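What follows draws every value from the coordinates through simple rules; no lab data is involved. Treat the numbers as computed from the prediction; the structure is a model and nothing was measured. Every residue, glycine as well, gets a Cβ built from its backbone with ideal geometry; the counts of neighbours run over all protein chains shown.
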Amino acid sequence: MMKNETKNCQNCKKDFVIEPDDFGFYEKIKVPPPTWCPECRFILKALWRNETSLYNRTCAKTDKPIISMYNSKSPYAVVSHDFYESDEWNPKEYGMDFNSNESFFDQLKKLFVKVPKVATFISTGDGPNINSIYSNYAGGLKNCYFVFNSGPAEETLYSRGCRNIIDSMDNYFSTKVEKIYECVDCHKSSNIYYGKNVSESVNCLFVTNIRNCMNCLGCVNLRNASYQIFNKQVTKEEYEKTIKDILGSYKKIEQIKKKFKEFEKKFPVRSSHNLKTSGSTGDYLTECKNVKDSFEVVRGEDSRYLFSSKELKDSYGTIGYGFNSDRLLECVGVGYSSNIIGGVNSSNCHDVMYSCFLRNCHDCIGCDSLRNAKYCILNKQYTKEEYEKTRELIFKELLEKNLHGLIMPAELAPFAYNETIAQDNFPITKEKAIAIKVRWEDDIQKTKNKETKKPEDTPDQIKDVENSITDEILQCIDCSRNYKITEQELLFYRRMNIPIPRRCFYCRHKDRIARRGPYKFWNRSCAKCKKKITTNYDPGRPEIVYCEKCYQQEVY
């Protein structure tokens, strides 16, 4: 019987463990066990995933203005979705002969620079986006703005990782919700303001770990409750009077927020936020079975090291997408596919390796933007026999260099570290990025010192805000970045009786990630029964962390 094997990461030099089930997966997918640790492998993949850094550009083919995830300094010809999906170009025209005397990835880098890149990635499974150009890695959007890794969604702004969300703003990892604001991990709920880990609830403000509740303010760990303020029962009249006094005022909302942060520290938290999940480790896992060391996964099975993926099985090391996929290894944005290694932003494919933006393809290696293709290498068509012969040459080289089974090297990645979800989940400084030999972008599109209205000049009450605020340029109180209020946004604040935010989207997004907790796990003991647990609560944090059994006994 195979045992755990400890290896030293070739990149960061830290030890990591490969377990017997891991060896079985790698053998099945015909790659050697990894020589990089899970965290380094995640960062390497994340360099291919820029979700929220958007730029104004011009389509390289039509000269029309576009919104792009590629910085204007990038070497690619970036084109609009209409051109990219049209018959006006043929990706095979960029095909290259494979040269066995030159590194495969060096040749692939040349191909990537030659082939036009689509401005942003639209997930095809949820349908087209309508009036939602300021989005990325999303599909089935209608009238949405700054929505990422999401869909379907309607009338939603400034949100990430959401599905079936309507008329909402500033949310992270929420599903089947309507009229929610500043929520993290909220499900089957409506009219929730500043909630975390909320399910099947309505009309609640500043709540954490609640289920089947309504009309609650400042409450923690409640079930089947209504008309409570800071976990104390009140009358309907008392509740409505308190809410009326708070809503709409920036100062009063901030006071309640500060009070609530201290209040929730008094209550135990679950070691994880997993729901209907068995035989699994990680956090924010929903309806998963035998999924290990994973994060934000829905309906996964027999998999490991998944991040923000849904409905896939028998896979290791994916970021995003998924959906009816299996046997994916070290992939980013791959869905409705099978047997993919090192793939990026591809769908409805099988038996594909080290390729980007493929659709309905099989048996391809090192290709970019092909449609309905087979037996292609570096976008060049081969016969089945020629393909298999050349494939063996590529495998031999990658195996000798310990690269087979990883995603493509960092020098091929199109984004800088601080443009991507790598910075969201493992934030570092520019100096650290240089030290670990990854790119850093100094010119992320933003403005400073252009404000026409100071934060202190914005009215405290939303009812006092005039329509002209949409013409103003505001200044973030945290990072000093300039930002604007759109007309759609202003209407939402007025409908929900929410004050104008004093912080930009990027600082609000950073705060939601902090509320979510890190994509990292620690071993510690249950604060009640002392049982060993694994959790993403750092032992140095102030929360009282219970194992699942103790939490259930305490709360239910």
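Taking the alpha carbon gyration tensor of segment 80-185, multiplying each eigenvalue by 5 and rooting it gives semi-axes of 37, 16, 9 Å, largest first.
Summary value for the chain: 11 percent relative contact order, contacts being C-alpha pairs under 8 angstrom separated by 6+ residues.
Packing order of peptides 234-247, 344-357, highest average first: 344-357, 234-247 (average count of other Cβ atoms within 10 Å over each peptide's residues). Backbone amide hydrogens, once placed in the peptide plane, bring Trp36 within less than 5 Å of Gln10, excluding anything fewer than 5 places away on its chain. Restricting the calculation to alpha carbons of segment 282-411 gives Rg and Dmax of 14.7, 46 angstrom. Across all Cα atoms of segment 37-109, the radius of gyration (one decimal) and Dmax (whole number) stand at 15.9, 44 Å.
Shape of segment 170-270 from its Cα gyration tensor (a ≥ b ≥ c, root eigenvalues): rounded if a/c is under 1.5, otherwise prolate when a/b > b/c, or oblate?
Values: a/c = 1.28, a/b = 1.22, b/c = 1.05.
Verdict is rounded for segment 170-270.
Pairs from the list Lys176/Lys257; Lys454/Lys484; Lys289/Lys310; Lys453/Lys484; Lys196/Lys549 with a Cα-Cα gap above 18 Å: Lys176/Lys257; Lys196/Lys549.
Please report Val202, Val334, Val115 as a ranked list, fewest other C-beta atoms within 10 angstrom at the top and most at the bottom.
On the way: Val202 18, Val334 31, Val115 21.
With the fewest neighbours first, Val202, Val334, Val115 line up as Val202, Val115, Val334.
Express in % the proportion of alpha carbon pairs of segment 192-344 at distances exceeding 19 Å. Counting pairs separated by more than 19 Å, the tail of P(r) holds 60 percent. Only one residue of Gln461, Tyr506, Cys476 has its Cα farthest out toward the positive end of the dipole of segment 455-516, where Lys and Arg carry +1 and Asp and Glu -1 on Cβ, and that residue is Tyr506. Note that segment 226-240 has calculated 3J(HN,Hα) couplings of 8, 6, 10, 10, 6, 6, 10, 5, 9, 7, 4, 5, 4, 5, 5 Hz, one per residue in order, obtained from phi through the Karplus relation 6.51 cos²θ - 1.76 cosθ + 1.60 (θ = phi - 60°); glycine and proline are x.
What is the packing order of peptides 451-460, 221-230, taking the mean over residues of other C-beta atoms within 10 Å and listing the highest first? Walk me through the intermediate numbers first.
Working: 451-460: 13.8, 221-230: 17.6.
So the order, starting with the most tightly packed, is 221-230, 451-460.
Comparing Cα centroids, segment 526-556 and segment 20-79 end up 36 angstrom apart. The distance separating the Cα centre of segment 85-128 from that of segment 395-427 comes to 17 Å.
Sort the chain into rounded, prolate or oblate with this rule: let a ≥ b ≥ c be the square roots of the eigenvalues of the Cα gyration tensor; rounded if a/c is under 1.5, and if a/c is not under 1.5, prolate when a/b is larger than b/c, oblate otherwise. It is oblate, given that a/c is not under 1.5 and a/b is not larger than b/c. Need the list of lysines near Lys114 for cross-linking: C-alpha distance under 23 angstrom, and skip anything on the same chain fewer than eight residues off. Lys114 reaches Lys45, Lys61, Lys64, Lys73, Lys92, Lys374, Lys380. Scalar couplings 3J(HN,Hα) for segment 515-523, obtained by applying the Karplus form with A = 6.51, B = -1.76, C = 1.60 to θ = phi - 60°, are 5, 4, x, x, 7, 7, 10, 10, 8 Hz; x denotes Gly and Pro.
Its Cα gyration tensor gives segment 408-556 an equivalent ellipsoid; the semi-axes, largest first and in whole Å, are 37, 28, 12. Dipole of the chain computed with +1 at Lys/Arg Cβ and -1 at Asp/Glu Cβ about the Cα centre; of Leu54, Asn143, Ile165, farthest Cα towards the positive end is Ile165. Overall size of segment 5-46 from C-alpha positions, given as principal axis extents largest first: 26, 23, 12 Å.
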